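Engineer: Mind looking over this structure? Questions follow.
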Amino acid sequence: MRNYLSLFLAASLACAAQETPLTSFPYTPGLDVAAMDKSADPCVDFYQYTCGGWMKGNPIPSDQPRWDVYRKLGQDNQRYLKSRKELAALLGSLHLATADDGLFFGFGSDQDYSNSTQVIAFASSGGLGLPDRDYYLKDDDKSKEVRAKYLAHVAKMFELLGDAPDAAKANAQKVIEIETALAKASLTRVERRDPYKLFHKMDLKGLQALTPGFDWREYLKAAGLRPLNTFNVTEPAFYQELERQWQSRNIDDIKTYLRWHLAADHAQLLSSAFVNENFNFYAKQLRGVPELRPRWKRCVALVDRQLGEALGQEFVSRAFSPQLKQRTLHMTRQIEKAMADDIKSLTWMSEATKKRALEKLRTIVNKIGYPDKWRDYTPVKVKRDDFVGNVERATLFESRRQLAKIGKPLDRGEWGMTPPTVNAYYNPQMNDINFPAGVLQPPLFDAKMDDAPNYGNTGGTIGHELTHGFDDQGRQFDAQGNLKDWWTQEDAKEFTDRAQCIIDQYKQYTVVDDIKINSELTQGEDIADLGGLILAWMAWKTQTEGTKLIDRDGLTPEQRFFVGYAQWACENNRPENQRVHAMTDPHSPGKYRVNGLVVNMPEFTQAFACKPGQPMVSERRCRVW
Ligand SMILES: [Zn+2]
């Protein structure tokens, strides 16, 4: 581990000549009065009230698409074919070397939806260069404009690869034709929220029948795998379209497509001309970011991505004490207890379904701070003077590690995020919640602060992840993580009626210009936000029972709970980036994760003495959990 660390430091320092590394973590309190805008009325716009000062004091850095509390903390922590027949073997080796689903399709390992203890091969859709299928298919002016810029970008990349301008343009056109056909055959993000739509288990014969011209045995061999006979093909219709493309296109078009994707995949590792052109389209034009991140930041991000658990050991030793682990674990258990009480008290759910829900809740595994067992990176040879080689070896290590899981029992101890990550997740198939050390730092969790803002903020996040186990997707998996319906029909209907209330509420909100929230896509997150804060409130009340709570900074304890919650979501976002998020992000914008939530909580109305008819008081309150 020391090896990696010294290499990581060497890489960072070599790249970061102009910037002074931080010697200690900057401190932002868990409830920051300066971040507020007390001139705003909390009952009119609670987001402006809690985050107004933050937004004013934190303009978006020029190398970022948006800036929010999470990102700010995140930074502080910081050969081609000869014949069609050869395509299978070539893609096998390319997928292994690049771990990129941009090369026609994705191939990896995941838990069997029907037997969560076993890991099987997953063949998924992919092959696109734009962030979502809808970019290729929508007919509005903005979408057309993005497509025109994308075409110009792909052509420019071909020119950098040495093509003459006319040929480059014609090649770009071919790429977009193929990608558009693949986009049409891909499911939408909303459709992909339904796990049953992504579950098509088949044997090798079944997979081969979808793409008769593509030799899967050759593919597997080239990817370093023995012959397999169990696959989940997430989108069979997509594979039928792949076959059509492979058979109907001439071999030069296929080569052209692969050249583009390989260039795009490697662009960030190549000369500045590639780095800049890649940045110019994907960050500047698509997300409105004016400047490329400095080299050292790109280096640190790369090391975290590739050797994250080595870097993470150092991070944990500096920033995550055993006491902090105990405190956050205690809070997690309290919120789980609150959820059990909440489930028991639901009037709309039958005893039979409650029993199953409680069983599922009891089985959830809490992963807090860092993994019990650290990943061993010994096989990755890191050389000081071989940047691209280092990246390739680390990528290969990770691809092999992922593929080696196929056909083996599941390792329930694995983490899907590295310890310095400022984020958290719930995984329905593992039935676990993960809170990396990086998200348990001020201003999100502030050990120096009292309970009110900590329960509102981190408590709300813990409740959020727990509630994901019971949102529109999570509820379809049972205590063991199997895709199995444990609901009575009546209870399932009661659930969907309540979820519909949230969908109807959030679809009214505007993201940017004339674009509204796609609330079918965001419903899981919106349900989790609301459920999470209700649970955090209950846990906070239990924790502080019998204690005399005092006002601070002119705020009552209840008001501080809500301000503590809302301040995790303070953000500024570029309009271009908001458009990308509206299309691809299952989370609502920060403003509505605050305002859309508090309107549903009578505790908020009471805390701020809001009056009926004011914008932060809803006439029709939604509540699922
Ligand atoms: Zn979430």
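The values are calculated or read from the model by the stated rules, or taken from the named source; none is laboratory data. These numbers were taken from a predicted model, which means no experiment stands behind them. Cβ placement follows ideal geometry from the backbone for every residue including glycine, while neighbour counts extend to all protein chains displayed. These accessible areas exclude ligands, DNA and RNA; they are computed on the full protein's heavy atoms, side chains included. Shrake-Rupley method; radii C 1.70, N 1.55, O 1.52, S 1.80 Å.
Engineer: Under 18 Å Cα to Cα from residue 373, which lysines show up? Leave out anything in the same chain fewer than 8 places away.
Structural biologist: 325, 405
Engineer: Solvent-accessible area per residue for the chain at a 1.4 Å probe radius, Å²?
Structural biologist: Numbers: 27280 Å² over 625 residues.
For the chain, the solvent-accessible area averages 44 Å² per residue.
Engineer: Once fully extended, how much extra length lies between residue 556 and residue 614, figured as 0.36 nm per residue of separation less the alpha-carbon to alpha-carbon distance?
Structural biologist: Stretched fully, the residue 556-residue 614 segment lengthens by 18.8 nm.
Engineer: Subtract the Cα-Cα distance of residue 378 and residue 298 from 0.36 nm times their separation in residues, and report this length gain in nm to one decimal. Don't skip to the end; give the middle numbers.
Structural biologist: Working: separation 80, 0.36 × 80 = 28.80 nm, distance 2.35 nm.
Length gained, residue 378 through residue 298: 26.5 nm.
Engineer: Please report the orientation-averaged projected area of the chain, defined via the convex hull of its C-alpha atoms, in nm². Mind showing how you got there, number by number?
Structural biologist: Numbers: hull surface 112.1 nm².
Taking a quarter of the hull surface, the average projection is 28.0 nm².
Engineer: Charges only on Cβ, +1 for Lys and Arg, -1 for Asp and Glu: so what's the dipole of region 339-430 about the Cα centre, in debye to the nearest 20?
Structural biologist: Details: 18 positive and 12 negative charges, 55 e Å.
Dipole size: approximately 260 debye.
Engineer: While we're looking at this one, here's another question. What is the percent carbon and sulfur in the accessible area of the chain, measuring with a 1.4 Å probe over the protein chains and ignoring ligands? Provide the component values of the computation, followed by the final result.
Structural biologist: Values: 13930 of 27280 Å².
So the carbon and sulfur contribution to the accessible surface is 51 percent.
Engineer: Could you compute Rg(Cα) / (2.2 N^0.38 Å) for region 565-605, with N its residue count?
Structural biologist: On the way: Rg = 11.9 Å, N = 41, 2.2 N^0.38 = 9.0 Å.
Against the compact-globule rule of thumb, the ratio is 1.32.
Engineer: Right, next: Residue 271 versus residue 485, label points 7 Å from Cα toward the beta carbon: distance in nm?
Structural biologist: Result for the modelled spin labels: 6.0 nm.
Engineer: Place a label point 7 angstrom from the Cα of residue 329 along the Cα-to-Cβ direction, then list the residues of region 338-377 whose backbone nitrogen is under 18 Å away.
Structural biologist: Residues 362-374 fall inside that zone.
Engineer: Continuing with the same structure: Among the listed pairs 169/255; 184/516; 516/591, which have their C-alpha atoms separated by more than 18 angstrom in this model?
Structural biologist: Numbers: 169/255 15 Å; 184/516 23 Å; 516/591 13 Å.
Going by Cα-Cα distance, 184/516 fall outside the 18 Å limit.
Engineer: Taking the Cα centre of region 521-625 as origin, sum charge times position over the Cβ atoms of Lys and Arg (+1) and Asp and Glu (-1), and report the length of that vector in debye to the nearest 20. Walk me through the intermediate numbers first.
Structural biologist: Numbers: 12 positive and 12 negative charges, 37 e Å.
Dipole about the Cα centre, nearest 20: 180 debye.
Engineer: Please work out the ratio of the alpha-carbon Rg of region 232-273 to 2.2 N^0.38 Å and round it to two decimals. Don't skip to the end; give the middle numbers.
Structural biologist: Working: Rg = 14.2 Å, N = 42, 2.2 N^0.38 = 9.1 Å.
Normalised Cα radius of gyration, region 232-273: 1.56.
Engineer: Turning to a different aspect of this structure: Quote to one decimal, in nm, the extra length available between residue 166 and residue 584 on full extension: 0.36 nm per residue of separation minus the C-alpha distance between them.
Structural biologist: Contour length minus the Cα-Cα distance gives 147.2 nm.
Engineer: With every atom except the alpha carbons ignored, what do you get for Rg and Dmax of region 578-625, in angstroms?
Structural biologist: In order Rg, Dmax, the Cα atoms of region 578-625 give 13.0, 37 Å.
Engineer: Per q in 0.18, 0.21 1/Å, what log10 I(q)/I(0) does a Debye calculation on the alpha-carbon atoms of region 288-401 return?
Structural biologist: At q = 0.18, 0.21 Å⁻¹ the computed log10 ratios are -0.98, -1.13.
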